[in-house]
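The values are calculated or read from the model by the stated rules, or taken from the named source; none is laboratory data. Since the model is a prediction, treat every value here as computed from it, not as a measurement. Heads up, the Cβs are rebuilt from the backbone with ideal geometry, glycines too, and the neighbour counts pull from every protein chain shown.
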Amino acid sequence: MFQFLYRLRLILPLIFLSGYIHSSGFLRTDGRSIVDENGNPVLLRGFGLGGWLVQEGYMWNIHGFFGSPSNIENEIINLVGTENTAAFYQVYYENYITEADVAFIAANGFNAIRVPFHYKFFSPAPGEYVQDGFNLIDQLLEWCAAYGVYLILDMHCAPGAQNTNDFSDSDGNVAGLWIQQSYRNWASAVWWYIADYYVDEEWIAGYDLLNEPVLSGGFISSQLRQFYIQMTNTIRDVDTNHIIFIEGNWYGNDFTNLTPPFDNNMAYSFHHYVGPSQQTSWIGQYTSMSQTYNIPLWVGEFGENSNHWAHKKVRLFENNDVSWSLWNYKHNGSITSAMRVEVPQGFEAIVNYWNGSGQAPSYEQAMTGLMDLADAYLFENCVANKGLVAALSDSDYDGFSKPFTDLTVPNTIEAVDYDIGTNGVAYNDEIYEDPDKFGSNSESWNNGWAYRNDGVDIEYSSDLSGHGYNIGWIDTGEWLKYTVQAEFTGTYQFSFKTSAQNDNGKILISVQGQTGSVNFQVPNTGGYQNWDWTDTASVYLSGGENVIRLQALNGGFNLKSIKIEGTNPNPLPENYSIWNFPNPFNTQTTFYFSDNIESDGQLTIYDNSGHVVQNIVIEQNQSSVTWDGKDRYGLAAGSGIYIYQVKFDQQKIAGKMTLIR
């Protein structure tokens, strides 16, 4: 049909910094599963690159249809001119997704990237075809091949627009794709052009034909089916290798008249943003469709909710063998994306001007602000949302809490560095997700909308020490857990930097595995950003790992920092050659050597009766070894006093330690 199209495809040698290329084979559908070339099921798990090739206004904090992709580009042209606009976009496209990003995605267990694109990258006008999209996606595809990550190409902006929303590059009034057949023919031609180019690319999983269609102008669902068949047949003229993903009407969710399947290598894709995490019955409408027609499912978009919500949704999807793609990977200032882009002040000034709350920047100011934004998108300049990544990838996320960062005491730790985990596991907060997103009962799970994406309310603080954040809006009964490493066993002095406008606040501290707790009274500081320390109180910690639970017996205060002070009752001698820490210990202790050991040696553990419990080889130049508290038979040693002896050549060093179970 489109044989008149001509393209020149460059075959370049693949050079990867990673040093290897993953072998692949085309993915395909087999019943309700997506499988690899050997027939092994593959669950696609990854992110959408929203904002890369389609700039959505809300991601840049631009209001309304002023933030459509074309209008954003026109406004940038008004500030810096056509040539400089092109230069900005080129740097922005190159910085948004780099090899470091793909390596990060793969290293955290994800294997898929959804690439939303605007049709103009391939065909800016009917009958006109360009290489712009290929030039950008080809580089990404090389990195994905190197790290074993699949791409799904998604037509996010179709000719004429498939709905009246700004993110489809509509004018807000008309979805022209449903009005004019010429637009639909154009969309089909774009897919032919893409499929003809990528027909042999095994690391492309498939084609998401149309993002979030919303039918209008009398165009009905049976006609949508015929349009999908038109595009699919056009693709199949040149490409029978790749999976076709079909989204339902009404933002991807209504599959009326889109069944039964019309291709032997296709899947249905829905989007999901609404409803509380504990509700699961809604997925039945899709899984029953999958079972009836023996076809796979893929959630092309979900997210923009809390970490707790995201974890529960992933569990639901994967328990039903549904592949998924979280929206979104990068986002200006957002806590809901995998990577938060720290928005530079110069670009904020531009956005304020566009939103009507600031003066027009000069050419120099605008150019600086734009290039600063492009630089902010580099992987090394973004902040990884560790909690969200764990929520998506860690099966233990709702089982027990894990440290958000390394916390060693004595020290002052920041209140916002509580453990990672779901609500009820790492923290407890009254509102921990948005149960009615886009509805009348929508509510924020993080009132301060800063730093982390849990139910804990975090805001920017007037006290700039530490991270410059504090926990606010603390209600009675809410609690937080902190996993800390204590340098020694003994009594530590605790105090808290708090703010309040009343004197009713009260904090309860307890340590996991210990009986008893300690209360702290929160003083009235005269304001929620006026900070002062509470009185101190003593808390016993064991050397090594401790899980501390901080609960608001009475809420109504803010919390900035936790000061944990103490003096080691058994300090190291000035001249030493070996010591172990922690001592006493619960599960394991590590032996450290003050000098490089120039020969192999042995560490022998004896019980109090002189019987050998364990032997551990020490290799030359080894600076430390760890005893895991087990005997030579792999059984846990009992509580008691143990003797250790280290032998190097003719030198012997011995000492005592205490194991407390």
Single match in 543, 527 (criterion: over 23 Å from residue 410 (Cα atoms) and of a type outside the set (S, T, N, Q)): 527
Some residue of region 292-299 being at pLDDT 95 or above, more than 30 Å from residue 315 (Cβ to Cβ) and either surrounded by 19 or more Cβ atoms within 10 Å (Cβ to Cβ) or not β-branched (Val, Ile, Thr) (or both): no
Positions within region 242-274 being buried (at least 20 other Cβ atoms within 10 Å of the Cβ) and either on the phi > 0 side of the Ramachandran plot or in contact (Cβ under 8 Å) with a residue 40 or more places away in the chain (or both), in sequence order: 242, 243, 245, 247, 252, 266, 267, 269, 271, 272
Residue in region 322-340 that is surrounded by fewer than 20 Cβ atoms within 10 Å (Cβ to Cβ), in contact with a Leu (Cβ under 8 Å, 6 or more places away or on another chain), in contact (Cβ under 8 Å) with a residue 40 or more places away in the chain and assigned by TED's automatic domain parsing to the domain that holds residue 297 present: no
Checking residue 522 against (1) of a type outside the set (Phe, Trp, Tyr); (2) at pLDDT below 90; (3) surrounded by 14 or more Cβ atoms within 10 Å (Cβ to Cβ), the condition it does not meet: (2)
Leading residue by the ranking (surrounded by the most Cβ atoms within 10 Å (Cβ to Cβ)) among those in region 361-377 that are under 32 Å from the mean Cα position of the chain (by Cα) and acidic (Asp, Glu): 372
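When you scan region 295-316, do you find a residue that is of a type in the set (Gly, Ala, Ser), touching a residue at least 40 places away in the same chain (Cβ under 8 Å) and touching a His at 6+ places or on another chain (Cβ under 8 Å), even just one?
Residues of region 295-316 of a type in the set (Gly, Ala, Ser): 300, 303, 306, 310.
Narrowing the set further to residues that are touching a residue at least 40 places away in the same chain (Cβ under 8 Å) leaves 300, 306, 310.
Cutting the leftovers down to touching a His at 6+ places or on another chain (Cβ under 8 Å) gives us 300.
Yes, there is a match, as at least one residue in region 295-316 is of a type in the set (Gly, Ala, Ser), touching a residue at least 40 places away in the same chain (Cβ under 8 Å) and touching a His at 6+ places or on another chain (Cβ under 8 Å).
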Candidates 212, 202 - the one that is on the phi > 0 side of the Ramachandran plot, in a loop (DSSP other than H, G, I, E, B) and among the acidic types (Asp, Glu): 212
Any hit, region 158-177, residues being farther than 20 Å from residue 89 by Cα and not in a loop (DSSP other than H, G, I, E, B): yes
Residues located in region 435-457, provided they are of a type outside the set (D, E, K, R), free of Cβ contacts under 8 Å to residues at least 24 places away in the same chain and farther than 24 Å from residue 401 by Cα: 440, 441, 442
Unique residue being within 29 Å of residue 60 (Cα to Cα) and of a type outside the set (A, V, I, L, M) when the list is 165, 185: 165
Tally of residues being more than 19 Å from residue 406 (Cα to Cα) and either not in a strand (DSSP E or B) or not assigned by TED's automatic domain parsing to the domain that holds residue 519 (or both) across region 458-470: 4
